[in-house]
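Have a look at the structure below before the remarks.
The values are calculated or read from the model by the stated rules, or taken from the named source; none is laboratory data. On a predicted model such as this, the values are computed, not experimentally measured, just so you know. So basically every Cβ, Gly included, is an ideal-geometry build from the backbone, and we count neighbours across all protein chains shown.
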Amino acid sequence: MFRNYLAAALRNLARNKLVSCINVAGLALGFAAALLIGLYLRYELSFDDSLPGERQVYRISLTFERAGKAAEVWDTADPSVAAFLRLDYPEIAMSARIGDTWPSVRRGDVAFPEQVFFAEPDFFRMLPFPTIAGNPATALDAPDGLVITRTIARRYFGDEDPLGKSLQLRLQQDIDVPVRVLAVIEDLPGNTHFNFRMVASTNASFAPKQYFATDDQTNTFELGAHTYIRLRDGATAERIKADAKSFLERHYPSAPGITPRLDILPISSVHLSPSGRSALSPTMNPRTLWTLGLVGLLVVLLAAINFVNLMTARAAQRVIEVGVRKSAGARRIDLIAQFLGEACVYVLVAGLLATAMVELALPAFNVLLSFGDELHQAATVSFQYWREPKLAAALLLAGLLLGILAGAYPAFVMSAMRPAAALQRRIAASGSSPVGRMLVVVQLAILIALLVATAVIHRQTAYAMGEGLRIDREQVVLLSFAEQPASSAFMDAIAHIPGVRDVTAATGWPTNSDLSAGNFGRVADVQPVRLQVPTIDFNFFEFYHLKPLAGRLPSRAHGTDLFVFENLKRPLSVWVNESAIRALGFSSPAAAIGEQLKSFYGPSAEPPGTITIAGVVPDFPVDSVRTQIEPAMYVVAPAYLNLVSIRLDGKQMPEALAAVDDVWKRLGEPRAISRWFLDQYYHRLYFDIIQQRRVLGALCGVAVILACLGLFGLSIYTAQRRTKEIGVRKVLGASTSDVMRLLLWAFSKPVFWASAIAWPVSAWIMNRWLEGFVYRVPLGWWLLPTASLTALIIALMTVSAHSYAVARQQPVGALRYE
Amino acid sequence: MLTLDRIGKVYRTTEVETQALNEVSLQIDAGEFVAVMGPSGCGKSTLLNILGLLDTPSAGTYEIFGENVSAYSEAQLTTVRRAAIGFVFQSFNLIDDLTVEENVEVALLYRSVPAKERRARVAEALERVGIAHRARHLPQQLSGGQQQRVAVARALVSAPKVILADEPTGNLDTANGNAVMELLFNVAKAGTTVVMVTHSLTYAALAARTIKLLDGRVVSETLLAA
């Protein structure tokens, strides 16, 4: 019996090669897309869960809550927190802090600016990373010990054994310190929030003390150290979490208006928690993951709908077989088993094809997901089903289940036919049945919704990276001085390089959140307003094309524009942003011009001289479009600026950059230059939505292809089903265009119904998504009809070629068919 | 053996109601060769479908082999049909994707016949109708007469008690039609009950009894002179 079924199925498949290929290819494509998304979800959910003992390791960090403002979340903690925790909680077995610096690293003639971390010796005892050589657990006990990754070993040592050999670190001007490679570990996988490649010991005399020294006298938090604790086996963190508030009250004096909160997070949860300041690597919003998972399911649903429709349409061609088998005594269950079995065969073939497609696509997929720079590990999504029998079994089971679900409808429909009706071909083919029509509508609704979602995400990403910044970020290179401000000679030399359009400086990046702040207010105010205080160069606003909303921009012609640290009593002109205007209670930017501010200085500080608002500038995102722009007061102080912004004109970029490097060698710091494009910063800041845009865009492309495949296959069956009708219409005088209109209208109607479903659903979902951004684009109601129109054009273009061929046929051919 | 008592069949759509059969009563005994004649649309095929349990009557009772099957479910009808009835259709109704021997085998697949015995019986049936040399061919590779022989073989292979033939020669030329009729005649002579719908008086004359239908009713029954 099985052989008989198989012979019928395979020969039917061979007889309808085109539609069979469409069916299998569509299903395979849908499977492959869903499989890639599933593997990606698994990857994102697997961060930091593969190290031995990771369940006992927690990250400690601080969050500062202020009434009426968004909380200030940090991924780091004060250096003293670790010691106090060990004192108060015996369930903590060990702790380790880690912080980064940016020295120049050299071996012989090979030198690179590198991110070098300093970690306490317990770090690698707490987290045993896979080792190639040496012993990381003891390497940092030595003050000059260094742990490096495989990539770093190759970079500086080639094929030599690096163990015991030295590298030179230049952390300060003209001072090189040797470090010895005492362990080599594997390159970190993509699924970890750590991103180190070189780790030195905090026992070194040259370790940056600000991250690791504790200071009992301080009443401010130093937030440079990433702090981790490991609990004893069997212990839990519940007591620590419950006592966290009291812990902070015991050890740290309170500050008015600020409530610190101790965050204790298992390291496997770090990647999916909201990203704080000083994050080691970009995090992932769980909502994004579930969204992508949902979209992956929708893609599978699209593929399954195609499959169901085409299987049902094909089954309609086998109605005689159904009638014959029933008249020969087949029970309904026999026919159900036959058609379900065929569906499962299709699904398994599609599954094998999908497996091959995924293996071929994975390298490109990992590139799509990766940052694309050497500071961040590339994504390492893998699909090693031969090593994971559970995964292989789960996929097989999922495939069979899908085969049964997708094959169920045509199986049940066909097996339910009365033998007499089947033998007389008195059946409705797929596409004309209510279920078939509904499936086409659902398919088109999913396509329209995906088009809307992709367009909205694209618009918001473009806004966040462009107009939302409110600054001109085109061709801007940043370079930083570590130990000294940029000299005026350096700035002049840069400005004279051909290819450099403009140069300016500041104490932080133009969107840096790590700024100093102070409490200020209007002269008559008693309550302070916290203002960020970025220090900038005279031409900072002009460089970034920011125009004043009121007043003027800084100018050397005004003596009060320049801040002089040695003379704090000197009158000072400042510039404030729109948020500061609102926070200080001014009715408008113009109302603030000429107004004086006072500083709410501490009891031990001298009151400064008068501070007068000379201009008001637009808000521009200090952090990202996700967070509220903080009120800010800009102070001009060229002598104290260490972050240089260089705008290139875009022509002869390599020559211009080489000239910049040359100026650095002459007038910069002795270490290797550290420069990067401003775009890279935003790339990191919005990496999750950039990634979302890429993946969703790819999924949308897959959905379009699936929709086209399905519609094309249906158009073939529709034309076959209506052959007699077309022949009769042509005999009665219908032209080719009349017939084409008839066929194309059949595929246009579902788009209108699909729009009625997709518009409210996609609008609601995307509005919710946009609410995650403080600064955002409007939904753009015009997107909805545009998406529907796009779906309509896709549908018509897909079916028109075949419809034209059918419409042109001679009527006698159609009638002879009958 | 087959007893129809005031059988009626109505086909209903949303707008039209067609009375295909109206108060048809007749009895067919075991081993009889019966021809059913009448103009197009008189209900001949409908009568055959009801006799063969391919369709259910709207009114009346139908007893087959002493069982009243009028109210049987589809599953029960399948069981009875499987055990006792073979079919030959005007348009052959062979499965295009199966070879000749696979088509004939279909009649045995649902009767729990072991594979070895199935093969033997299929070979014998093909031999009987003279088409064994085409066993591995697909239907589209055969002529109409050859296809109908395959259909007859399929009807015979399960050794049914009743063969229902709906215009078995309707799509055949005279020579092929004669050949198929000869097969059916020999089957009837061997003791199988044969009920055949035909337009041909010549072929009807081969039957022991001819029933004429008009507008869904039996209008006459003629016995062949002995």
Index of the failed condition, A:Gly436 passing every other in (1) closer than 22 Å to A:Leu743 by Cα; (2) modelled with pLDDT under 75; (3) of a type outside the set (A, V, I, L, M): (2)
Candidate set: segment B:40-66, residues that are in contact with a helix residue (DSSP H, G or I) (Cβ under 7 Å, 6 or more places away or on another chain) and not in a loop (DSSP other than H, G, I, E, B); chosen: the one surrounded by the fewest Cβ atoms within 10 Å (Cβ to Cβ): B:Tyr62
Filtered residues of segment A:92-124 (kept if among the acidic types (Asp, Glu) and surrounded by 18 or more Cβ atoms within 10 Å (Cβ to Cβ)): A:Asp100, A:Glu114, A:Glu120, A:Asp122
Matching residues, segment B:104-135, being under 20 Å from B:Val162 (Cβ atoms), in a helix (DSSP H, G or I) and within 14 Å of another protein chain (Cβ to nearest Cβ): B:Val104, B:Val106, B:Ala107, B:Leu108, B:Leu109, B:Arg121, B:Ala125
Some residue of segment A:710-726 being part of a helix (DSSP H, G or I) and within 32 Å of the chain's Cα centre (by Cα): yes
Single condition A:Ala83 does not satisfy, out of (1) surrounded by fewer than 22 Cβ atoms within 10 Å (Cβ to Cβ); (2) at pLDDT below 90: (2)
Given (1) farther than 22 Å from A:Leu641 by Cα; (2) part of a loop (DSSP other than H, G, I, E, B), number of the condition A:Arg582 does not satisfy: (2)
The one condition in (1) touching a helix residue (DSSP H, G or I) at 6+ places or on another chain (Cβ under 6 Å); (2) of a type outside the set (A, V, I, L, M); (3) under 28 Å from A:Val73 (Cβ atoms) that A:Ser573 fails to fulfil: (3)
Where a residue in segment B:151-177 is more than 26 Å from B:Leu109 (Cβ to Cβ) and its partner, wherever it lies, is buried (at least 24 other Cβ atoms within 10 Å of the Cβ) and of a type in the set (Gly, Ala, Ser), with Cβ under 9 Å and at least six apart: none
Test: A:Pro778 is modelled with pLDDT of 80 or more and in a helix (DSSP H, G or I): no
Unique match (being within 14 Å of chain B (Cβ to nearest Cβ), of a type outside the set (D, E, K, R) and under 16 Å from A:Asn4 (Cα atoms)) among A:Val324, A:Val319: A:Val324
Scan of segment B:67-77 for residues that are more than 10 Å from chain A (Cβ to nearest Cβ) and outside any loop (DSSP other than H, G, I, E, B), ordered by number: B:Glu67, B:Asn68, B:Gln76
Residue match in segment B:22-35 (condition: over 29 Å from B:Asn176 (Cβ atoms), within 12 Å of another protein chain (Cβ to nearest Cβ) and assigned to a loop (DSSP other than H, G, I, E, B)): no
Members of segment A:180-217 found to be among the β-branched types (Val, Ile, Thr) and either in contact with a Lys or Arg (Cβ under 9 Å, 6 or more places away or on another chain) or modelled with pLDDT under 95 (or both), listed by number: A:Val181, A:Val184, A:Ile185, A:Thr192, A:Thr202, A:Thr214
Residue list for segment A:327-383, filter: aliphatic (A, V, I, L, M), closer than 30 Å to B:Leu77 by Cβ and away from chain B (no Cβ under 14 Å): A:Leu340, A:Ala343
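So that you can scan it fast, the table gives a plain yes or no per residue for (1) surrounded by 14 or more Cβ atoms within 10 Å (Cβ to Cβ); (2) free of Cβ contacts under 8 Å to residues at least 12 places away in the same chain:
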{"residue": "A:Asp243", "(1), (2)": "yes, no"}
{"residue": "A:Ser246", "(1), (2)": "no, yes"}
{"residue": "A:Ser254", "(1), (2)": "no, yes"}
{"residue": "A:Asp263", "(1), (2)": "yes, no"}
{"residue": "A:Ser273", "(1), (2)": "yes, yes"}
{"residue": "A:Ser278", "(1), (2)": "yes, no"}
{"residue": "A:Thr288", "(1), (2)": "yes, no"}
Out of B:Val129, B:Val100, sole residue that is within 17 Å of the chain's Cα centre (by Cα) and either buried (at least 21 other Cβ atoms within 10 Å of the Cβ) or not aliphatic (A, V, I, L, M) (or both): B:Val129
Residue count, segment B:78-97 (criterion: at the interface with chain A (Cβ under 9 Å from one of its Cβ atoms) and either surrounded by fewer than 18 Cβ atoms within 10 Å (Cβ to Cβ) or assigned to a helix (DSSP H, G or I) (or both)): 7
A:Thr76 being touching a His at 6+ places or on another chain (Cβ under 6 Å), of a type in the set (S, T, N, Q) and touching a residue at least 12 places away in the same chain (Cβ under 8 Å): yes
Residues (part of a helix (DSSP H, G or I) and crowded, with 17+ Cβ neighbours inside 10 Å) located in segment A:464-495: A:Ala464, A:Met465, A:Gly468, A:Leu469, A:Phe490, A:Met491, A:Ala493, A:Ile494
Scope segment A:520-578; condition in contact with a Ser or Thr (Cβ under 9 Å, 6 or more places away or on another chain), buried (at least 18 other Cβ atoms within 10 Å of the Cβ) and polar (S, T, N, Q); matching residues: A:Gln532, A:Thr535, A:Asn539, A:Ser573
B:Gly52 facing chain A (nearest Cβ under 8 Å) and under 22 Å from B:Asp29 (Cα atoms): yes
Hits in segment B:136-160 (condition: surrounded by fewer than 18 Cβ atoms within 10 Å (Cβ to Cβ), within 14 Å of chain A (Cβ to nearest Cβ) and small (Gly, Ala, Ser)): B:Ala159
